[in-house]
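Data block below; observations after.
The values are calculated or read from the model by the stated rules, or taken from the named source; none is laboratory data. Please read these numbers as outputs of a predicted model, since none were measured by experiment. Here the Cβ is made from the backbone with ideal geometry for all residues, glycine too, and neighbour counts use every protein chain on show. The protein model used for the area step is the full one, side chains on, heavy atoms only, and it has no ligands, DNA or RNA in it. Shrake-Rupley method; radii C 1.70, N 1.55, O 1.52, S 1.80 Å.
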Amino acid sequence: MKKKLVVIGAGMASGRMLEHLFDAAPGAWDVTLFNAEPRGNYNRLMLSPVLSGEKTYDQIVTHDDAWYSAHGVDCRFGEPVVRIDRKNRVVYSNSGGAPYDALVIATGSAPFIIPVPGKDLPGVVAYRDLEDTQAMMDTAGKDAVVIGGGLLGLEAAAGMAARGARVTVIHLMGHLMERQLDPAAGYLLQRDLEKRGIAVHCKGATKAIFGTDRAEAVLLEDGTVYPADLVCMAVGIRPETRIAVDAHLEVERGIVVDDALRTSDPAIFALGECVEHRGQVFGLVAPLYDQAKVLAQTLLGADAVFAPVQTATKLKVTGCDLFSAGDFADGPRREDIVFRDPGRGIYKRLVLENDRIIGVVMYGDTADGAWFYGLMKDGTDIGPMRDTLIFGPAFQGGAAPDPMAAVAALPPEAEICGCNGVSKGAIMDAVAGGACTLDAMRSCTKASASCGTCTGLVQQVMALALGGAVQDAPEGMCKCTDHTHEDVRRLIRSMGLKSIPAVMQDLGWRSVGGCHSCRPALNYYLLAEWPLEYRDDRQSRFVNERNHANIQKDGTYSVVPRMWGGVTTPAELRAIADAAEKYDVPMVKVTGGQRIDLLGVRKEDLPHMWADLNAAGLVSGHAYSKGLRTVKTCVGKEFCRVGTQDSTGLGIRLEKLMWGSWTPHKLKLGVSGCPRNCAEATCKDIGVVCVDSGYNISIGGAAGMEVRETVPLASTPSEDETVQIILAVTQLYRENARYLDRIWKWMGKVGLDWIRAQVVDDLENRAALVERFQISQSVYRRDPWADLSTPSETPKWAPLADLTLEAAE
Amino acid sequence: MTIFVDIGSLDDIPAQGARLVKTAQGCVAVFRTADDRVFALEDRCPHKGGPLSEGIVHGTSVTCPLHNWVFDMNTGQAQGADQGMVCTYPVKVQEGRILIDASLIRRSAAA
Ligand SMILES: Cc1cc2nc3c(=O)[nH]c(=O)nc-3n(C[C@H](O)[C@H](O)[C@H](O)COP(=O)(O)OP(=O)(O)OC[C@H]3O[C@@H](n4cnc5c(N)ncnc54)[C@H](O)[C@@H]3O)c2cc1C
Ligand code: SF4
Ligand code: FES
């Protein structure tokens, strides 16, 4: 009598295994095939083309009824196996049993369903089988939400979008496909998807799915609600091992098998996504096909050994050219080589270890993917070609990436010189008309003739038009880029770049995540440019601004509450004294800016101390910020016998308007009530000295490493106008200066006359500047102490773990 | 073979940030990169003792917040012209949990 083979699961792995078995030894086994799905084998990889309408189900069937009957397979489709009786060697479905001599478990994976309210509503699907695909094909003209921005989720999203659905992808992490891509490449992918009308919401945690009879909407932790006629969860899969666990086979993450694919029971074998081999589980078909070959031989009594190899992925979303292979996980001694060509939307990254490629990601141009993949699989020592490796097999000469690409990519109407409204096209035309030097350009178009911050860009546009360099390019912002600070600011504006990864990708950064000098600058430029849209990136801030306190040399912090205009009350002083005692502050000191400094506070105490100070009505003094710090004031006419105006009141008014604002460098103001200048207002960034007839405003003072006296900007008769001019000049500085330039330094570059023209003479421009300042303040005029001393934030200030306690046990 | 202990969830560390772990051998900074790799380094800059956990993380490097020395987190080696290095410790992520070298629990490195 022929021996009986029972197979559980008619999936891609078992299908291939049966082919090998029947090819090598037709009729050796009597086969019974169970499948939970009411059908036989089809090519699961091709569900995406079925979803998008490029293929039909019939076209992806791999084994039809004729094939099964030709090989005498007893098909039990639509009958999930519910139990394995190992003692008597029988498997059971709900309609009866089948005895076996050998059993193969090939149950694949179960999709992971996030345990949120509403997950069981009709209209919530995974992306695993034909039923799921059919539900998704039905969304034309409807709202669909895909949870999970990995490979599978994006295939689902693109497929539904192709069917005419309005699709939103919700992704928990900061960027799409974070396992394969770095933030810049993730941004590129996101932009491509958005171009196709797919909305993407990163850092989105699903809280609940709403609906009465079926799914209607998805609610996120941050309160956002997306309407959804269909919700597709594609957040991950895990091996489907339930029947193996029930049968007491050895199961870790998957069903444990040896090199011959035998489980802990010698009569039972397993293959496919449900297995774990030497600690590894599988999610792509290539290694499963190798398993199929090995298992067929094992069943025929031959010795065969399964040894997994590295696998590569290609995203099957039409129009998104992505290739990813190998390992991007944590590990010591790993290095990256990154190449970007922003003009063409191309990104390539190689992960190296010991001069061997261990990971490859390519976006936009994947032509060399197979070559890199080959080097990776063979473990080739790439040391000798390291310098030119990233350029691919065809290129071993090695030209540096072109820093001009970003400028070349700008449309002709893009504004290059903001002061004079000169477009890229106008500069190109002027060059064509004979303006070949910067001076000639300035005299015929006025481009870069005013504040001059766009000089580098103008030169690059001219070089583009001339086909060569005009003059030596000015120095780049840092080693990550050749663009100057001024160019970067202007390109952020004209290209509409709204995130750090966007800037790095589109302006061709040479590094994987920038460095400590460009990241804080970019963060500032973006929040100054897009106050309503950009979200501050705390990790791109210097420690003081991240922790809202000044770090001291021993790693403790100092805390400075705000005292508006230097004025305080007994109650506030009492609260400060209480806090100083409660947190054992070793020194209490009055600062040069008329505030009280509590020195030597431990990091984990910060949020508690803030909460106490908040309770007494005190807020952060921003004594740590590249932003408004203090407005120092003198007594003024309220009390002083010589005071001419209410200098204290004006100082308080300015501080209340301006606190919380971020500026290129620290910003200190002073207001004195008469020329005796007790507030030392003439060595501040902006100073006001009151006189009988009104207010003298001067700017550009400093008392730091450079000591400078302010220079007069304007004299006004009214306090209101004084305030307007100060807000306008602050905003001009915010929009225009290079990060880490104090006002005096910026003034040296653009000239006092230009500043005066902008904020004193041009009333319309002054009003516009003030308005933009106020818009920004509507976001940033808030107390970081209150935001960060909440119950959810406070624990983050303490150590993550204390292993010294465990040692004591 | 290294034995590992669980010190918390990957989500407890912000991307491109760090958290401190107190150990019998001093403070250890556990970093998370933008692409979710983790590294564990001694939290004391060899220059003047700056807390590396408060530095800016870029790629697989961190810049000391006090005087801008840059360290490669793979090796602990100072980059560029600066000379020096910090200890690195085995650390890994498994199913969203961070595991660190259990020998850090022991009283002292020499014992
Ligand atoms: C939409 C989609 C796109 C994909 N794209 C790619 C790609 O581009 N490249 C790539 O390499 N891989 C891709 N994959 C992954 C690939 O399809 C899987 O790796 C492969 O199908 C796994 O094969 P398998 O035989 O282990 O499991 P499956 O093919 O999943 O088959 C398992 C079968 O077992 C059945 N079953 C489960 N439990 C029982 C039970 N108790 N009784 C009876 N039957 C049961 C299931 O119903 C299923 O039919 C994709 C997967 C999906 C879902
Ligand atoms: S600056 Fe003039 S008004 Fe102010 S305190 Fe001094 S003397 Fe009085
Ligand atoms: S203490 Fe780290 S650089 Fe000086």
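Numbers below:
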read-out	value
Longest site-free stretch - chain B; sites: trypsin sites (Lys or Arg not before Pro), DSSP loop, at most 13 other Cβ within 10 Å	B:49-106
Amide H partners (placed H, <5 Å) of B:G17, local residues excluded	B:R32
Local net charge near A:K582, Cβ-Cβ under 15 Å (Lys/Arg +1, Asp/Glu -1)	-4
For the protein assembly as shown, the spread of Cα positions along each principal axis, largest first, Å	118, 78, 61
Probe 1.4 Å, all protein chains present, accessible-area order of A:W67, A:W610, A:W754, largest first	A:W67, A:W754, A:W610
Exposure of A:R574 as accessible area (Å², to 10), given a probe of 1.4 Å and all protein chains	150
Cβ-defined net charge surrounding A:V760, 12 Å radius [Lys, Arg +1; Asp, Glu -1]	-2
J(HN,Hα) series, the stretch A:652-669, from Karplus relation 6.51 cos²θ - 1.76 cosθ + 1.60, nearest Hz, glycine and proline x	5, 4, 5, 5, 5, 6, 9, 5, x, 6, 9, 10, x, 9, 5, 10, 10, 10
Share of pairwise Cα separations in chain B, more than 21 Å, in percent	31
Area accessible to solvent at A:W371, 1.4 Å probe radius, in Å²	70
Nearest-0.05 FRET efficiency for B:E95 and A:D74, computed from C-beta distance (R0 45 Å)	0.70
Estimated Rh, the stretch A:1-81: Kirkwood, alpha-carbon pairs, angstrom	13.3
Shielding of B:10-22 by partner chains, average beta-carbon count, 10 Å	5
Net charge dipole size for the stretch A:1-155 [Lys, Arg +1 and Asp, Glu -1 on Cβ; Debye, nearest 20]	680
Stokes-Einstein D (µm²/s) once Rh is taken as the Kirkwood radius of the stretch A:223-343 over alpha-carbon pairs, at 4 °C in 1.567 mPa s	73
Computed lengthening from A:M428 to A:V225, 0.36 nm per intervening residue step minus Cα-Cα distance	68.4 nm
Cβ-Cβ FRET estimate between A:K87 and A:A405, R0 fixed at 51 Å, reported to 0.05	0.15
Whole-number D in µm² s⁻¹ for the stretch A:457-585, Kirkwood Cα-pair radius fed into Stokes-Einstein, 4 °C, 1.567 mPa s	72
Globularity index of the stretch A:80-175, i.e. its alpha-carbon radius of gyration over 2.2 N^0.38 Å	1.49
Stretchable slack from A:I114 to A:E533, in nm (0.36 nm times residue separation minus alpha-carbon distance)	147.9 nm
Under 5 Å, built H, 5+ apart or other chain: amide partners of B:S9	B:I98
Pair A:A304, A:N677: separation of 7 Å Cα→Cβ label points (nm)	9.0
Karplus 3J(HN,Hα) series, Hz, for the stretch A:161-173 with 6.51 cos²θ - 1.76 cosθ + 1.60 (x for Gly, Pro)	4, 5, 7, x, 8, 8, 10, 10, 9, 10, 10, 5, 8
Considering only the protein assembly as shown, percent of DSSP beta bridges that pair antiparallel, nearest 5	70
Kirkwood-Stokes translational diffusion coefficient of the stretch A:650-809, alpha-carbon pairs, 25 °C, 0.890 mPa s, µm²/s	141
Solvent exposure ordering (accessible area, 1.4 Å, most first) of B:H47, A:H277	B:H47, A:H277
Cβ-Cβ FRET estimate between A:Q59 and A:F639, R0 fixed at 60 Å, reported to 0.05	0.10
Length gained when the stretch A:Q280-A:A140 is fully extended (0.36 nm per residue, less Cα-Cα span)	46.5 nm
Per-residue HN-Hα couplings for the stretch A:92-102 [Karplus 6.51, -1.76, 1.60; θ = phi - 60°; Hz; x = Gly/Pro]	10, 10, 6, 9, x, x, 9, x, 9, 9, 10
Chain A, helix-only ellipticity at 222 nm - DSSP H runs n ≥ 4, -39,500 (n - 2.57), divided by all residues, nearest 500	-9000 deg cm²/dmol
Anchor A:K377: lysines whose Cα lies under 23 Å away (excluding residues fewer than 8 positions away in-chain)	A:K293, A:K314, A:K316, A:K348
Residue pairs, from the table A:K55/A:K195; A:K203/A:K498; A:K553/A:K589, whose Cα atoms sit over 22 Å apart	A:K55/A:K195
Amide H partners (placed H, <5 Å) of A:A208, local residues excluded	A:L219
Total lysine pairs whose alpha carbons fall under 16 Å of each other in the stretch A:632-758 (8 or more apart, or interchain)	10
Heavy-atom SASA rank of A:D378, A:D129, A:D101 (probe 1.4 Å, accessible area, largest first)	A:D378, A:D101, A:D129
